[in-house]
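Scroll down for the structure; my scribbles are underneath it.
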Amino acid sequence: MAGHDLDELYDCLRRVAPSACPCCQKDDWILATEPMALVPWVKGLNKGLKGGGVHAVVRTCGACGFVRLHSVQVLQAIADADRKAR
Ligand SMILES: [Zn+2]
C-alpha cells in the first residue's frame with residue numbers, strides 16, 4: 001500500500017498501544033515486514049467504502065502467536081497530527 005511510512009506507523013503503534021499480549025501477558029511483539037493486511041468488509045455491506053475493507057498493520061506475539069491488527073487509517077491520522085504539532 002503506497003503512501004504510508006511503515007516506520008512512522010510502527011513508532012505510532014508503540015506509543016499509543018504499548019500493551020502486553022492479552023493471551024500470555026508477554027511483551028514480545030513481532031512487527032510484520034509485509035505490513036498491510038486487508039480485513040474485508042462482508043459482501044453487501046461495503047457500498048461506498050474504498051478498498052473494500054480495513055487496511056491494518058499486523059503484529060504477532062512471539063511468545064504465543066496471538067495476532068493483532070491495528071487500523072492504518074487511525075495510526076496515520078495520529079502520526080499526521082503529531083507531525084503537525086511539532
Ligand atoms: Zn502472547
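Taking into account only those residues within the stretch 40-73 that are part of a loop (DSSP other than H, G, I, E, B) and modelled with pLDDT of 75 or more, which is surrounded by the fewest Cβ atoms within 10 Å (Cβ to Cβ)?
Among them, the one singled out is Gly65.
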Inset, instruction - Kindly indicate the residue of the stretch 15-27 that is within 16 Å of the chain's Cα centre (by Cα) and over 20 Å from Ala79 (Cβ atoms) and also modelled with the highest pLDDT among those meeting that condition. - result: Cys21
Legend entry - Residue selected from the stretch 15-39 under the condition surrounded by 12 or more Cβ atoms within 10 Å (Cβ to Cβ) and more than 16 Å from the ligand (Cβ to nearest atom), by the criterion farthest from Cys61 (Cα to Cα): Leu38
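The values are calculated or read from the model by the stated rules, or taken from the named source; none is laboratory data. Please read all numbers here as calculations on a predicted model, not as lab measurements. Heads up, the Cβs are rebuilt from the backbone with ideal geometry, glycines too, and the neighbour counts pull from every protein chain shown.
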